[in-house]
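Some notes on the structure that comes next.
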């Protein structure tokens, strides 16, 4: 009996030790994180931004993988493995991003099939271990509302598998201002349940107007505040990360737009001999190059400053940028001033 008790105590100490080590890698309540996605395209500008500004970064997620119907996870391009060593040398956590290509039906089949679900979880964990990164991020969008409970259960099992290896799980969330949400994808994500298990919940606080909508502000500050209120109410604050865009949209027809950077918008303003202005309600920049509604809307460092103040007001865990490489150069000064 004494031997059993001793062995039990030893196992308990080891278990508590592992938990303590893992918890140390989770953001603490007073620690505000700054991070960004690294897309596989535009690598020259992406890496230039990363190298110049890595002293401000806590985490990055290179866009490396895409999920497949058989549960496998495959690279979207040749992996830039060098970024892992460079980030780690600077104390930056690396959590590669896995996309579902906005295919909610595919994810539904995977998570509702025991064999496929477990194969997918093994694949995700193995990728993290093999590449010696800090964790993984799931950017699964366009999920089906009927999978709301099953997706949360999938996140629970995946997080437990990663945590056993001392690894982190980040989950990208589609924006909403109330539960259960209004869009298909947002209804499928139960913030409260997912927040119990994932280590980071990166809320995409952008695309209030999007590529196939009519023109308008992409992330009005008043809307960002509504998102922050819901996050504060449903997610442990240190896990809630507000993700902000660094891009604009140029609508060239009703429901048709293409991405545009601030530099490109400035060039258009010069070409058409007009001025970029700030909308007093949304606080975003806009440019009108022909009569009627403004066709170009841009997220810049000025609107970012106000969004960061919303983040601080609600005591959330940090911010994440989509994406590095096309941002307003003043973005980094604003991040330094507001969060450091």
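The values are calculated or read from the model by the stated rules, or taken from the named source; none is laboratory data. Just so it is clear, the structure is predicted and the values come from calculations on it, not from any experiment. Every residue, glycine among them, receives a Cβ derived from its backbone with ideal geometry; neighbour counts consider all protein chains shown.
Quick check on this structure: which one of 9, 116, 14 is under 23 Å from residue 160 (Cα atoms), assigned to a helix (DSSP H, G or I) and modelled with pLDDT of 95 or more?
Result of the check over 9, 116, 14: 116.
From 257, 263, grab the single residue that is outside any strand (DSSP E or B), over 21 Å from the mean Cα position of the chain (by Cα) and within 28 Å of residue 62 (Cβ to Cβ).
Unique residue meeting the criteria: 263.
Assess whether residue 128 counts as being in contact with a strand residue (DSSP E or B) (Cβ under 9 Å, 6 or more places away or on another chain) and either closer than 23 Å to residue 93 by Cβ or modelled with pLDDT of 95 or more (or both). Before you say what the answer is, go through the steps one by one.
Numbers: in contact with a strand residue (DSSP E or B) (Cβ under 9 Å, 6 or more places away or on another chain): yes; either closer than 23 Å to residue 93 by Cβ or modelled with pLDDT of 95 or more (or both): yes.
Yes.
Among the residues of the range 134-164, how many are in contact with a helix residue (DSSP H, G or I) (Cβ under 6 Å, 6 or more places away or on another chain) and part of a loop (DSSP other than H, G, I, E, B)?
Residues flagged as in contact with a helix residue (DSSP H, G or I) (Cβ under 6 Å, 6 or more places away or on another chain) and part of a loop (DSSP other than H, G, I, E, B) within the range 134-164 amount to 5.
Could you go through the range 267-283 and let me know if any residue there is more than 14 Å from residue 206 (Cα to Cα), buried (at least 20 other Cβ atoms within 10 Å of the Cβ) and at pLDDT 95 or above.
Checked against the condition, which is being more than 14 Å from residue 206 (Cα to Cα), buried (at least 20 other Cβ atoms within 10 Å of the Cβ) and at pLDDT 95 or above, the range 267-283 yields no hits at all.
Give the residues of the range 224-248 that are within 18 Å of residue 281 (Cα to Cα) and surrounded by fewer than 18 Cβ atoms within 10 Å (Cβ to Cβ), sorted by residue number.
Residue satisfying the conditions is 226 alone.
Quick grid of which residues meet (1) under 17 Å from residue 243 (Cα atoms); (2) within 17 Å of the chain's Cα centre (by Cα); (3) outside any loop (DSSP other than H, G, I, E, B):
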site: 280; (1), (2), (3): no, no, no
site: 290; (1), (2), (3): no, no, no
site: 303; (1), (2), (3): yes, no, yes
site: 307; (1), (2), (3): yes, yes, yes
site: 311; (1), (2), (3): yes, yes, yes
site: 320; (1), (2), (3): yes, yes, yes
site: 324; (1), (2), (3): yes, yes, no
site: 332; (1), (2), (3): yes, no, yes
site: 338; (1), (2), (3): yes, no, yes
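For residue 100, all conditions in the list (1) touching a helix residue (DSSP H, G or I) at 6+ places or on another chain (Cβ under 6 Å); (2) at positive phi hold save one; what is the number of the exception?
The single condition residue 100 does not satisfy is (2).
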